[in-house]
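Take a look at the structure below.
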Amino acid sequence: MPRDGTLAGRSARALDLLNFFLADVQTGFGPFVAVYLTAHKWTQGQIGLALSLGTIVALAGQVPAGMMVDAAQNKRRIAGIGLVGVMAAALLLALWPAELPVLVAETLHALASCVISPAIAAISLHLVGHQALGERLGRNARFGSIGNGLAAGVMGVGGLYLSSRAVFWFTAVLCVPALLALIAIGRGGHARRQTTVHPFDRAGLVQLFRDRRLLIFGGCVLLFHLSNAAMLPLAGAAVTMRAGSFANLIIGACIVVPQGVVALASPWVGRRAADYGRRSMLLLGWLALPVRGVLLAVLPGPYLLVAGQAISGISAAVFGVMLPLIAADLTRGSSHFNLCLGVLGLAVAGGAALSTGYAGWVADAVGMRAAFFSLAFAGLAGTLLVLAAMPETKPP
Amino acid sequence: MRVIRVCLVISCLLPSGLPAVAAETKPPPGQVVRVPPEDVMPVLGTPVAGPDGKTIGRLVDVLVNAAGIPEAAVIDVGGFMGVGSRKIALHWGALHFDPGDQKQPITLALTLDQIKAAPEYGNPAKPAPIVVAPHARPTPPAAAPAGTTKATINASAPGNTAPGNVSRRSATGSAAGSASGNTADTPPVTRPADSSGPATPAGASAPGAGSPAQAEGPAAHKPPQSNQ
C-alpha cells in the first residue's frame, strides 16, 4: 500500500488533528454569533451590521490572503498567526460583547479564516505532493467534518444549558490544541517549494487568470454555493415551522448527520478523484444539490427532512476535496496555488452571500417551497456548467 | 445600546406604571424617579417562555404605533446554533411580563402549535403579520389552556387594528380579529398600583389593549409608515 505510506507518520496524524480542531473552532462562529449577540441585548440592525462586516471582509480578503500565503516562506507560521487571530476573536466575543470589540472580532475572524484554509491546503500539498493530494484532502475533509459535527453537538447543548458565552470560551480554548497540532506537523518539506519569489510576478498572474478552466470552475463554485448556502437555514426554518418542541433536536440532526456522511464519503471521493478523474466526482457532488433541493421542497415531515439534508453530506464531501484538488491541478508547476484558492474562495464567499438574499427574496415573494426549487435550480445550472464546460483537470 | 434599552424601559413603563406615579408625586422636570426592578424590566434580548415554562425564544424588537405604544413584540424563536431560527411578531397583549421573576420574566399565552404556525416577520416595510392570542371560545378546545385566559381580555382589542394586517394573519388571528374590541379599556385604569399576581398582566398588557381605542383611526393606517 504505497499511498498509505505517504500519509502515515507523525506529520500526517498532526494534520488530521489540526483539521479536526480547526473545524471545531470554526463551528463557534457563524450563525451562532447572532444568537449570542441577541442574548446580549443587541438590536437586529446591529447584529446584521456585524455579520455583514464579517462577510464583506471575508469577500475582500480572499485574494490578497491567497497572495500573502503564496509569498510566505513558512506556511505553518502563517497558519499559526491565523489561528491566534481566530483565538483572539473568540476571546473578544466572549469577554466583551460590545459594539467595537465585536466588529473587531468579526473582522479578525474573517481575515484569519481567509489565511488559514489556503495555508492548510498548502501544507497538505507540500506534505504529500500532487500524486497523493486527493487522498490527503479526503482525510482533511473527514477529520474536519468529524470536528464540525462533534463541536456543533457539544456547543449546541452547551449554548442551551450553560450560556451562549460558554460557546466562545470553548472556541478559544480549542485553538490551543489546534496550534499544538500545527506545531506537531513539523518543519518538513512543506516550506519552500511552492513559494513565489515575487509576490506580484506578472507573468504568473496573467497565466493564472487567462486559464479558462479557472473561470469555468469559479462559475461552478459560485453556483454551488448560491444553491448550497441558504439550504440549511431554509430547511431549519421549515423544521421550526413543522416540528414544534423537537425542532432544535431535528435542526441539530440536520447539521450533524451530513457531517457524518462527509466523514464517511470524503476519503472515497479523494481516492476516486485521484484514480478515475475529477469530472465524475464533480458531477456527483453538484448533482446532489438539485436533488436535495427538490427533496427538501417535497418531503413531508421533519424527520424525512433530515434524510434529505443528509444528501448535503455528499456535495460537501465532494466540494471539500475537489476545490483544493482542482486548484492544485490548475497551478501545477506554478507557485500560485494559494492565489488560485483565494480566487475560488471569493467565488465561495460571493455565492454564499448571494444565496441567503436570493432564497430569502423568493421565500418572501412566493413561498418556502419555491425557495427550495430556486436553490435547486441554481444547483442544476452549476451541474450543467460542469457537464458542458468543465474539462478534466487530472494530469494524464 | 443603552439608549435603546432606556427607551424600551420607558416605553414599557409609560402607559402602565408611570402615569400613576407621576400623578401621585409630580416630580419637577429633570428629577429622577427610581423605579425598583420589580416594577420595570428591560425586554430586549430577554428570553420568552412558552405556556409550559420552556424558553421558546428571545424578544428582539418591539413594534410601536404612532403613539409610541407597543403593538407587538418581535420574538426570535427556535433554532439550533443559530440555524433555523425565525422571527415572529406577537401581539403585545399575548405576552405576560413579570419584572420580579428572575427566571421567566416574560411568558407567552400561545401554545407551541400556534407559535409554530405563526408566519415569519421579516420585512418591516410590509404589513406586519401580528399573531394575536386567540379568543377562548371560537377556537378548538385544545388551544385554550389555563394560560390563555389572562390574554382573553386583550385578545379582543386588536381586532381594531386588523386592517393593517388582514392578509397574513388570517390563519392564526381570524378568531380574535372577529371579536368586538372595546371591552378592555377599563381594567388598567382601575388598578394601577396593585402589584399582586393577577394585576400584573392587566397592567403590563394595558398598552396593547388600550391603543386601538385611543388611536383607532390612525392605527389602521399607521403601522406600515411607522415601521419604515
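Taking each residue of the stretch A:39-65 that is without any contact (Cβ under 8 Å) to a residue 24 or more places away in the chain and looking for partners that are among the polar types (S, T, N, Q) and outside any helix (DSSP H, G or I) with beta-carbon atoms closer than 6 Å, six or more apart or interchain, yields nothing. Checking B:L44, B:L95 one by one, the residue that is more than 14 Å from every other protein chain (Cβ to nearest Cβ) and farther than 23 Å from A:G367 by Cβ is B:L95 and no other.
Right, A:Q26: touching a Ser or Thr at 6+ places or on another chain (Cβ under 9 Å), in the same structural domain as A:Q131 (by TED's automatic domain parsing), surrounded by fewer than 17 Cβ atoms within 10 Å (Cβ to Cβ) and touching a residue at least 60 places away in the same chain (Cβ under 8 Å) or not? So A:Q26 does not fit the description; no. For the stretch B:55-88, the tally of residues that are over 23 Å from B:A125 (Cα atoms), of a type outside the set (G, A, S) and more than 7 Å from every other protein chain (Cβ to nearest Cβ) stands at 2.
If you go through the stretch A:14-22 one residue at a time, do you hit one that is of a type outside the set (F, W, Y), more than 19 Å from the chain's Cα centre (by Cα) and either within 14 Å of chain B (Cβ to nearest Cβ) or under 23 Å from A:G147 (Cα atoms) (or both)?
Looking for residues that are of a type outside the set (F, W, Y), more than 19 Å from the chain's Cα centre (by Cα) and either within 14 Å of chain B (Cβ to nearest Cβ) or under 23 Å from A:G147 (Cα atoms) (or both), one finds at least one in the stretch A:14-22, hence yes.
Pick from the stretch B:102-121 the residues that are in contact with a Lys or Arg (Cβ under 8 Å, 6 or more places away or on another chain) and surrounded by 24 or more Cβ atoms within 10 Å (Cβ to Cβ): which of them is nearest to the other protein chains (Cβ to nearest Cβ)? It comes out as B:Y121.
Just one of the listed residues (A:A310, A:A381) is modelled with pLDDT under 90, within 17 Å of A:L284 (Cβ to Cβ) and away from every other protein chain (no Cβ under 14 Å), namely A:A310. A single member of A:L92, A:L103 is surrounded by fewer than 24 Cβ atoms within 10 Å (Cβ to Cβ) and touching a residue at least 40 places away in the same chain (Cβ under 8 Å), and it is A:L103. Just one of the numbered conditions (1) crowded, with 18+ Cβ neighbours inside 10 Å; (2) at pLDDT below 90; (3) more than 14 Å from every other protein chain (Cβ to nearest Cβ); (4) touching a Lys or Arg at 6+ places or on another chain (Cβ under 9 Å) is not true of A:R3: (1). Between A:H130, A:H126, the distinction of being at pLDDT below 90, away from chain B (no Cβ under 14 Å) and not in a helix (DSSP H, G or I) belongs to A:H130 only. Of the set (1) crowded, with 21+ Cβ neighbours inside 10 Å; (2) within 14 Å of chain B (Cβ to nearest Cβ); (3) in contact with a helix residue (DSSP H, G or I) (Cβ under 7 Å, 6 or more places away or on another chain), all apply to A:W42 but (3).
The values are calculated or read from the model by the stated rules, or taken from the named source; none is laboratory data. All values reported here derive from a predicted model rather than from experimental measurement. Glycine also receives a Cβ, built like all others from the backbone with ideal geometry; neighbour counts cover every protein chain displayed.
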